[in-house]
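What follows is a set of notes on a single structure, which appears directly below.
Please treat every number below as a calculation from the coordinates, not as lab data. If you're wondering where the values come from, they're calculated on a predicted model, not measured in any experiment. Please note: Cβ atoms are built from the backbone with ideal geometry, for glycine as well, and neighbour counts cover all protein chains shown.
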Number of protein chains: 2
Amino acid sequence: METISENTCFGGTQGVYRHKSSSTGGDMTFGLFLPAEAQDGPVPILWYLSGLTCTHENAMTKAGAQAWCAEQGIAIVFPDTSPRGEDVADDAAYDLGQGAGFYVDATQAPWAPHFQMWTYIADELPALLGENFAIDLERQAITGHSMGGHGALTLAMGMPGRFKSVSAFAPISNPTASDWGKKQLSAYLGDDQSLWAKHDATLMMRETGFNGPVLIDTGTQDQFIDLLKPEALAEAANARRQQATLRLQPGYDHSYFFVASFIEEHVAFHADALYAS
Amino acid sequence: METISENTCFGGTQGVYRHKSSSTGGDMTFGLFLPAEAQDGPVPILWYLSGLTCTHENAMTKAGAQAWCAEQGIAIVFPDTSPRGEDVADDAAYDLGQGAGFYVDATQAPWAPHFQMWTYIADELPALLGENFAIDLERQAITGHSMGGHGALTLAMGMPGRFKSVSAFAPISNPTASDWGKKQLSAYLGDDQSLWAKHDATLMMRETGFNGPVLIDTGTQDQFIDLLKPEALAEAANARRQQATLRLQPGYDHSYFFVASFIEEHVAFHADALYAS
């Protein structure tokens with residue numbers, strides 16, 4: 001593992017690291033903020049999964065999460081959204097290929113060799129963090145924005161017991177029924193739609209739900225809201241009687257100004273769950 | 001108008017009053033809390049509509065709202081849930097007739113002569129309050145519990161501009177599709193279901209929505225949740241992109257212990273709207 005940068009930040013350290021990834025078959029870069037408390041021992045960790053076109057860097061620089069993670073004594077990790085490189089398949093569209101991994105393990109050509117983002121986030125990166133940093137892997141929580149909100153919700157419901165809490169900002173909530181989803185799931189997983197279900201937060205909410213608290217914010221002026229389909233997930237969560245807070249925030253759009261406006265509340269929400277036991 | 005009781009309470013006055021009602025054709029009783037600020041001039045008012053079997057008294061004594069209304073300088077009124085008396089029609093069931101007015105104007109026998117609760121809450125009682133107390137009718141907000149949540153939501157959406165904000169605790173959200181609703185709407189309004197639509201919060205949310213903030217809490221362990229149908233209203237609010245916060249509160253049931261646990265947040269929510277302009 002290579003240290004790209006380390007900056008003192010809110011009394012802790014904002015680092016950027018690169019490592020050879022066995023799951024994605026190439027170099028992967030991630031950001032990690034460690035609060036001051038990590039100098040004394042392992043701290044809880046919040047995963048932040050980013051959206052389409054983002055790298056590890058967007059949320060790390062624009063969401064303003066470190067202030068609140070420092071206040072709560074929680075680490076926050078910002079993984080990349082896909083494998084990258086000249087030998088990695090790509091597509092001219094912004095919403096397929098590099099920058100658009102959708103947090104699945106691709107089975108189809110040309111994506112399968114590198115696009116293994118589920119395994120990378122679920123298995124490889126947490127193990128790496130646990131080995132190299134003062135991270136308590138027994139206390140993990142997860143959030144994300146847009147495609148990353150989709151990833152946060154599906155990973156949280158797909159791995160019962162892994163995460164204490166899950167939240168999302170403007171998540172892609174029902175990709176099997178959206179143009180943000182059908183194209184990508186078909187490309188990465190093939191046309192057997194039964195294989196898509198575990199990558200659809202609404203379908204997973206109907207089937208399994210989440211054993212812990214859920215918080216979701218979406219802006220009423222989100223320019224992509226018809227693609228996000230918050231109404232489908234809201235119906236499923238309510239029908240399930242899932243412990244959840246689902247908010248439509250008046251006037252907010254899909255940008256990081258929206259994320260930054262509510263990140264304090266999301267960090268506090270996760271801190272409550274991470275420190276509860 | 002007759003004063004039944006007045007008690008000093010959180011620096012203000014909790015009163016109970018009785019008056020001859022032109023809309024319901026008999027005596028009606030209500031509770032009204034006025035904060036200390038009402039001694040100096042008109043204050044904003046929050047309506048609290050109660051649920052099945054309740055009188056004006058249940059929430060007044062069990063919800064704990066006065067503490068927070070006093071803090072915010074807001075009046076709160078607790079109307080009765082139906083006309084009452086020996087000459088008023090009734091039914092052996094707890095969910096029809098006296099104590100179960102459903103906030104509609106009945107058109108059917110034997111209910112029509114007295115069961116005019118929509119007009120009572122929408123027209124008669126506010127006029128009475130404005131004439132007799134230091135209430136600012138330009139700043140009204142509304143909440144309610146169960147059947148009263150249904151009333152709050154349908155009155156708020158049915159009278160655009162009247163209320164600055166609306167909230168509800170465990171509201172009956174889709175009565176045209178629930179056993180808490182079909183029987184009563186049929187009895188009070190007749191079998192023409194097109195006349196029921198303006199008394200169904202989900203249908204109204206689809207048609208008109210609410211021009212202001214909405215807050216709804218329901219307990220995940222609510223023993224009546226299958227009758228409340230929060231999922232229908234959640235779907236409608238999200239599909240509409242209605243400014244709203246819809247929460248499922250883990251472990252809470254349908255009782256006043258639930259209402260009391262969250263009343264502070266509801267009062268603060270309404271205060272934000274009432275003092276915004």
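Reducing segment B:116-161 and segment A:57-76 to their Cα centroids gives an inter-centroid distance of 44 Å.
Ordered by the count of other Cβ atoms within 10 Å of each Cβ, fewest first, A:24, B:220 give B:220, A:24. Ranked from shortest, the separations from the 7 Å Cα-to-Cβ label point of residue B:7 to its equivalents in the other copies are 6.0 nm. Here the Karplus relation 6.51 cos²θ - 1.76 cosθ + 1.60, evaluated at θ = phi - 60°, turns the backbone of segment B:59-64 into coupling constants of 5, 4, 9, 10, 7, x Hz, with x for every Gly and Pro.
What is the distance in Å between the Cα centroid of segment A:165-241 and that of segment B:7-42? Using only Cα atoms, the two centres lie 48 Å from each other. Look at A:22, B:173, B:21 and count the other Cβ atoms within 10 Å of each Cβ; fewest to most, that gives A:22, B:21, B:173.
Applying a DSSP loop filter and a limit of 16 other Cβ atoms within 10 Å to the chymotrypsin sites (Phe, Trp or Tyr not before Pro) in segment B:1-108 leaves B:10, B:94. Per-residue ellipticity at 222 nm, computed for chain B from helices alone with -39500 (n - 2.57) per DSSP H run of at least four residues, works out to -8500 deg cm²/dmol. Bins of 10 Å, beginning at zero and ending with the bin holding the largest distance: percent of Cα pairs per bin for segment A:2-274, please. Calculated over all Cα pairs of segment A:2-274, the distribution is 7, 33, 38, 20, 2 percent. In the structure shown, the pairs B:62/B:183; A:183/A:229; A:62/A:182; B:164/B:198 are assessed against 24 Å; a Cα-Cα span above that value is assigned to B:62/B:183; A:62/A:182. Sorted from closest to farthest, the other copies place their residue A:92 label points 7.6 nm away, with each point set 7 Å from Cα along Cα→Cβ. Ordered by the count of other Cβ atoms within 10 Å of each Cβ, fewest first, A:253, B:105 give A:253, B:105. For chain A, averaging the sequence separation of C-alpha pairs within contact (under 8 Å, six or more residues apart) and dividing by the residue count gives a relative contact order of 17 percent.
Near residue A:15, once Lys and Arg are set to +1 and Asp and Glu to -1 for all other residues with Cβ below 13 Å from its Cβ, the sum equals -2. When chain A is treated as a GNM with alpha-carbon contacts under 10 Å, the residue of A:113, A:230, A:35 showing the greatest mean-square fluctuation is A:113. Distances, shortest first, from the label point of residue B:251 to those at the same position in the other copies read 3.6 nm; the point lies 7 Å along Cα to C-beta. Result for chain A in a Gaussian network model with C-alpha springs under 10 Å: among A:92, A:156, A:109, the largest mean-square fluctuation is at A:92.
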